[in-house]
Every structure is written in C-alpha cells, then in structure tokens.
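Before any comments, here is the structure.
The values are calculated or read from the model by the stated rules, or taken from the named source; none is laboratory data. In this text the structure is predicted, and so the values were computed from the model without any measurement. We place every Cβ from the backbone using ideal geometry, glycine too, and count neighbours over all the protein chains shown. Note: accessible area is taken over every heavy atom of the protein model, side chains too, but ligands, DNA and RNA are not part of it. Shrake-Rupley method; radii C 1.70, N 1.55, O 1.52, S 1.80 Å.
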Amino acid sequence: MPHPFSTPLNIAREQLLSAATGWVPQQEICGVSNALGRVLATEQISSVDLPQTDNVAVDGYAVEAAFLAAHPEHLFKVAGTARAGHPFSGIVEPGDAVRVFTGAVMPEGPDCVIMHEDCQISDVGIICGKQLKSGTNMRSAGENIAAGETLAAKGVFLGAANIGQLAAAGLSQIPVFQPLKIALMSTGDELVQSGDLRKVGQIFDSNRPMLASLCQQQGAQLTDYGIIRDDQVRLTSAWREALDHCDVIISSGGASDGVEDHTQAALKACEAECLFWRLAMKPGRPMAVGKKGHQFIFCLPGNPVAAFVCFRLLVRPVLDKLSGAHPRLPFSLMLSSGFSHKKQAGRAEFLRACVTETETGVQQVVLHGRKGAGVISSLTGADGLVEIPLATTEIASGQPVRFYPFHEVV
C-alpha cells in the first residue's frame, strides 16, 4: 500500500492525462525544413508514389529476366546508358541491355538488373553470368510510400526521418500546432541567480536552467519568471500573471507542507483545482499539480534530482498531450540488476544508474553517483533511472529490474 495521503506514480499520470483532455492548441503553417520538434496538426497523405517510377538499385545492366532465362549464353548488345536524373529514352529490344547506375529510372522493357561484376563485358556487349528473377536489384514505384498512404500522422513530434519523408513527397509547408507557452519559476529565499553574489545559507538556482532545457526539448515557448521569494502573496501574484499569458506553469520548490511552503494556499487563491498532492515515490514525494480551465500548474519539489525525475516521468507526457501530440510514456526495458538494494514498502524509488556489461557480455544496470534528492551530480554521467516498485522491499543482484534510459530510441 502507498503511504497515507500519497498517490502512486501510475495513478497520478493517468489522472493528469485524463485531465489534459478536451483542449487543442491553435495551428500555424511551418516550413518543412524548420519543423524539427514541432507537432504535426493534420495527417499528411502522399499525393505521389515514392519512388515515382521503377528505379535502379545497383550499378549494372538492365535486361529482361524471361529472355535471359531462355538464352543464358546470349551476348546482349548495350543499347545505351541511364543515370540518376538522366533516363534512357530509347527502345530496348528483348535481347538488348542498358548500362544503368544506382538511382536511374528503369528503362522500359527490362525488368531486372544484373551487377556489372556478374557480367562478361566486351566491346561488343555483355554476357550475363547468372540467372535473375523479375524485379531483382530494382526498386518498384511506390515501394517507399504509395500514393494515398500516410506520410506522417497527426500528433507526431517531427523528427529528422519525418522531415526527410515529407520533403521526399514534395511538401514544403505543413500545418503544425503552436508551441505550448510555459511559465517557469523557482521559489525560495535561499535561491540566487547563477553568477550573482550569494550570502551564507544561499545557493544558486539550478532548477530553472535544468527545467528550461527539458522544456526546450519539448519545443515549448518559455517565459522566465525568475526566483519568487517565500511569500504566499508574491507567489499568488506571479501565478496569476503567468495564467494570463501561458498555458502551463512549472514552479519548483515550496511544494511541501512547511511554514515557508505556500503552493497549496496559492492554488486556492488562484482558484485552481488541486489534482493531487504528494506522490508515493522517492525522489519526488512533495509534488502537487493544480488545474484551472485548460491550464496546468506543476508544483515540483525543490530538490534538483526530484524535480528532474518528476518532469521525466510525469510532466513530459502531459506537456505532450497539451501540445497536441500523442503522449510519450516513459520508455523502459528490463535489465539484470548489478546491485542489491533494500527499502520499505509503500513508495516506489527511482535510482540513478548506468548500463554496463558483465564479463560474459550480459548487460546490467549498476547504481551511479551519490544518493540524495539534492545530489544533482548523480544525474550527470547516469544512463537513466532504475525503478524499485512500490511494494518491493528488496532487490538482489542479478534480479530483473525496470530501467528508464535518459536517451530514448526515436
């Protein structure tokens, strides 16, 4: 069972994704070459076959497979040449061949290509050294995408491969959703801006630069509200101003229940509904999320590692959905544990880890860095997070564990 009054991670994520339903961002037109990381607003259908013609896949000679099968020792006269961008326009008789190069349009008549190293080549023609089937060493029209097929689905984050596919189909402009507007702020009297002078007891604010980088990976439009002091009136004022201009507020610090933690009171003052407060996970327990209309207020823990973990596992999928995209749930895989660990039941733990190999070549995860929700150095050099489930009390070395890599397959 989770700790009293705390919400398990999977339930919290389901609640947030459900609450993010019903709002769709505005659209705008974007050049395909500038669309990296943008969210596609409408499905894109190919109007042409790709490739548009039968194409040559290797350098060699285009011949007719049936004629070659009937005349294996035939001396093929070379009727001409076809290169990429320079098709052969003549007539190819059944007993003739065309010298072809990769990417050229297949000449009319031949239906296969024999590689030049498989031919006896002379000044008077070629003799093919092997039998071929129709379609060998050629790419059929529509082999990549046929006319009428989907080039890219609505709601996809456009990557380099998507952009290449869209450009190959002749598209220069596409409809995308407008970037999500995110207000970013840190709270705490102990915080100062990096580069400023600090007094005894003060620390440099690391959360805003870190969270800004994570939001920029989302393609979001950021507004930096700086550092808000530990004061309910100031925090409420900052949130109200941000709600007038932004879709999402990400605020770190002040989410616990101490005398200087004002997020719950500020949520009420802003007339925002508190969806949950406190997670059954470590790090990240003192997290709250509020919602007002379609707008979300994410109150992340002040400890950097906790803020990072909460963003990766909870905030990012919600930002995806609010951006008009399909939510990207955290990618994970099962690997062997290269460590042992004990904990109490009632909350999940997410430990920083690296992937290594045993002497026998088996991949395993080992713990990385110093422990603690404030030890940001444990993130640098780590390959990802390893999950110790809510009900689990002990992990033995060699036991399968769930690993969430920081760098996901795209």
Please go through the stretch 279-307 and give me each residue that is closer than 17 Å to residue 243 by Cβ and either surrounded by fewer than 21 Cβ atoms within 10 Å (Cβ to Cβ) or not small (Gly, Ala, Ser) (or both), ordered by number. 289, 291, 292, 293, 294, 295, 296, 297, 298, 299
Given 148, 142, which one is in a loop (DSSP other than H, G, I, E, B) and exposed (fewer than 15 other Cβ atoms within 10 Å of the Cβ)? 148
Where in the stretch 308-398 are the strands (runs of 3 or more DSSP E), entirely inside, with at least 3 residues that are open to solvent by less than 20 Å² (accessible area, probe 1.4 Å)? 348-357, 384-388
In the stretch 264-292, anything without any contact (Cβ under 8 Å) to a residue 40 or more places away in the chain and either at positive phi or hydroxyl-bearing (Ser, Thr, Tyr) (or both) is listed as 271
How many residues does the stretch 356-389 hold that are at pLDDT below 95 and under 16 Å from residue 281 (Cα atoms)? 4
For the stretch 293-342, enumerate the residues that are in contact with a strand residue (DSSP E or B) (Cβ under 8 Å, 6 or more places away or on another chain) and over 27 Å from residue 37 (Cα atoms). 301, 302, 334, 335, 336, 337, 338, 339, 340, 341, 342
Would you mind telling me which numbered condition in (1) within 18 Å of residue 108 (Cα to Cα); (2) open to solvent by less than 50 Å² (accessible area, probe 1.4 Å) residue 52 fails? (2)
Filter the stretch 179-206 down to the residues that are open to solvent by less than 70 Å² (accessible area, probe 1.4 Å), in contact (Cβ under 8 Å) with a residue 12 or more places away in the chain and not hydroxyl-bearing (Ser, Thr, Tyr) and list them by number. 179, 180, 182, 183, 184, 185, 188, 191, 192, 202, 205
Residue check, residue 82 against (1) farther than 30 Å from residue 171 by Cα; (2) open to solvent by less than 20 Å² (accessible area, probe 1.4 Å); (3) out of contact with any Asp or Glu (no Cβ under 9 Å at 6 or more places or on another chain), all met but one. Which one? (1)
Checking residue 43 against (1) acidic (Asp, Glu); (2) farther than 26 Å from residue 169 by Cβ; (3) open to solvent by 70 Å² or more (accessible area, probe 1.4 Å); (4) in contact (Cβ under 8 Å) with a residue 12 or more places away in the chain, the condition it does not meet: (2)
